[in-house]
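In what follows, a single structure is set out as structure tokens and then discussed.
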Amino acid sequence: MRAVRCSGSGVAVVDVPRPEGEGARVQIANAGICGSDLAMIAAGTCPSDLTLGHELAGRLSDGTPVAIEPLVPCGICATCRAGHYNVCEKGDEICLGLESRDGGMADEVLVPERCLVALPEGLPLENACLVEPIAVGLHGLRRAGLGSGERVAVLGGGSIGLLAAATARSLGCEVAVVTRHPHQERMARALGASALSGDYDLVVVAAAGPDAVEAATKLARRGGRLVFLALIDGSVLDGSAALSEISAITSMGYAGNGRREIDEAADLLADQPEIADVITHRLPLDHAEEAFRLAGDRKTGSIKVVLEP
């Protein structure tokens, strides 16, 4: 079958054996390109024998449409037993398409049954790869204790930031988004975000630039909170944050002690189908090289680029 793997400073579509073993076989219908995929390639840390892709949706052998929760935790460590399997002691190796476990940017993928996400009525399969990045934002907002009626600023106009903004709006919050590019600003407004004004109860950091912490701190009110969806090099607080009693909250992936957050994300996308407008480009799998070029260059107008095997 075909699979997208790292090749030099980019990607290539290569022939690999079909996955074998136990689990549910999913014929991939769409796979989103994530910023973490681009970061691995840029850093030169992507193994050449690793199939990329963790934002996934497809069909089971009987035709049932599903999204995929791309986490395969151990299930037995203390954090897993407490329901926080996103921070399983196995670390990055639990995620498809990262570290050592093949992802689903391919014709098909084999996953444990627990990874399957049923699609609610109203969620078309063609948009279902967005369930995973929506769950990332939902988890972060929950970690930050977001309440209805709070004012939220999102720093970053990529797909994670825009989807987090849409999620905060769905929870009854006033939301503003700080973007770098005009097409991101237009999308933020289309999703209901307003212009920046005053300070904010919660600042969502969905951009990893060198000035992200300083910019987020300036947006937060005294006693406010920052939640980090982006991985920041260095400290997540500076001196001015301490003087204003601003709290910093880290967030990684999604979990669920009871109902999974990724299932909640599927419901949110079904209820608000306009969120899928963040998908700006859809390309066939054989055009993966071009898709990654588009995803890595925001001047092309890209937000979420999706491959469709």
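Quick note: the coordinates plus some simple rules give every number you see, no bench work behind them. None of the values given here were measured: they were computed from a predicted structure. Neighbour counts run over all protein chains shown; Cβ positions are idealised from the backbone, glycine included.
For the range 145-250, what is the charge dipole size about the Cα centre, in debye to the nearest 20, if Lys and Arg each add +1 at the Cβ and Asp and Glu each add -1 at the Cβ?
It comes to approximately 300 debye.
From the phi angles alone, apply the Karplus equation (6.51, -1.76, 1.60; θ = phi - 60°) to the range 105-119 and give each ³J(HN,Hα) in whole Hz, x where the residue is Gly or Pro.
7, 7, 5, 7, 9, 10, 9, x, 4, 5, 7, 6, 10, 5, 8
Using the number of other C-beta atoms within 10 angstrom as an exposure proxy, rank ASP271, ASP199, ASP233 with the fewest first.
Lowest count first: ASP233, ASP271, ASP199.
Rounded to two decimals, what is the ratio between the C-alpha radius of gyration of the range 97-195 and 2.2 N^0.38 Å?
My calculation over the Cα atoms of the range 97-195 gives 1.25.
Taking GluC sites (Glu not before Pro) that fall in a DSSP loop and have at most 13 other Cβ atoms within 10 Å as cut points, what is the longest piece of the chain between them?
Excluding the exposed sites themselves, the longest stretch runs over 122-244.
Can you tell me how the range 145-250 classifies by the Cα gyration tensor, rounded, prolate or oblate, using a/c under 1.5 as the rounded cut?
Oblate.
How many nm separate the modelled label positions at CYS74 and GLU22, each set 7 Å beyond the Cα in the direction of the Cβ?
Going by the 7 Å Cα→Cβ label model, 1.8 nm.
Got a sec? How would VAL178, VAL203 order by Cβ neighbour count within 10 Å, fewest to most? Display every interim value, and only then the final one.
Details: VAL178 23, VAL203 30.
The order, fewest Cβ neighbours first, is VAL178, VAL203.
Which one, LEU171, VAL152, GLY198, projects farthest toward the positive side of the charge dipole computed for the range 145-250 from Cβ point charges (K/R +1, D/E -1)?
LEU171
When the helix-only estimate is applied to the chain (DSSP H runs of n ≥ 4, each -39,500 (n - 2.57), divided by the residue count), what is the mean residue ellipticity at 222 nm, nearest 500 deg cm²/dmol?
Numbers: 9 runs with 79 residues, N = 309.
Per the formula, -7000 deg cm²/dmol.
Using every pair of alpha-carbon atoms in the range 201-248, split the distances into 10 Å bins beginning at 0 and state the percent of pairs per bin, rounded to integers.
32, 60, 8
Hey, how much of the P(r) for the chain falls beyond 31 Å, as a percent of Cα pairs?
Considering the chain, 26 percent of its Cα-Cα pairs are separated by more than 31 Å.
Put +1 on the Cβ of every Lys and Arg and -1 on every Asp and Glu Cβ in the chain; which of ALA248, ALA12, LEU98 then has its Cα farthest towards the positive end of the dipole?
It is ALA248, whose Cα lies furthest towards the positive end.
Pull out the extension gain between ARG293 and GLU126, defined as 0.36 nm times the separation in residues minus the alpha carbon to alpha carbon distance; nm, one decimal.
Contour length minus the Cα-Cα distance gives 58.0 nm.
So if I place +1 on the C-beta of Lys and Arg and -1 on the C-beta of Asp and Glu, and nothing else carries charge, what would the dipole magnitude of the range 7-65 be about its Cα centre? I want it in debye, nearest 20.
It works out to roughly 120 debye.
Need the C-alpha centroid separation for the range 160-204 versus the range 1-65, integer Å.
30
Fewest Cβ neighbours within 10 Å first, please rank THR51, THR167, THR79 accordingly. All intermediate terms of the calculation are to be shown ahead of the outcome.
Details: THR51 23, THR167 31, THR79 15.
Fewest to most other Cβ atoms nearby, the residues stand as THR79, THR51, THR167.
Using a simple charge model, +1 on the beta-carbon of Lys and Arg, -1 on the beta-carbon of Asp and Glu, nothing else, what dipole does the chain show about its Cα centre, in debye to the nearest 20? Numbers along the way, then the final one.
Working: 27 positive and 41 negative charges, 148 e Å.
With Lys and Arg at +1 and Asp and Glu at -1, about 700 debye.
So what is the relative contact order for the range 143-184, in percent, with contacts set as C-alpha pairs under 8 Å and at least six apart?
Relative contact order comes out at 47 percent.
So what's the net charge close to VAL177: Lys and Arg +1, Asp and Glu -1, counting the other residues with Cβ under 9 Å from its Cβ?
Surrounding charge for VAL177 is 0.
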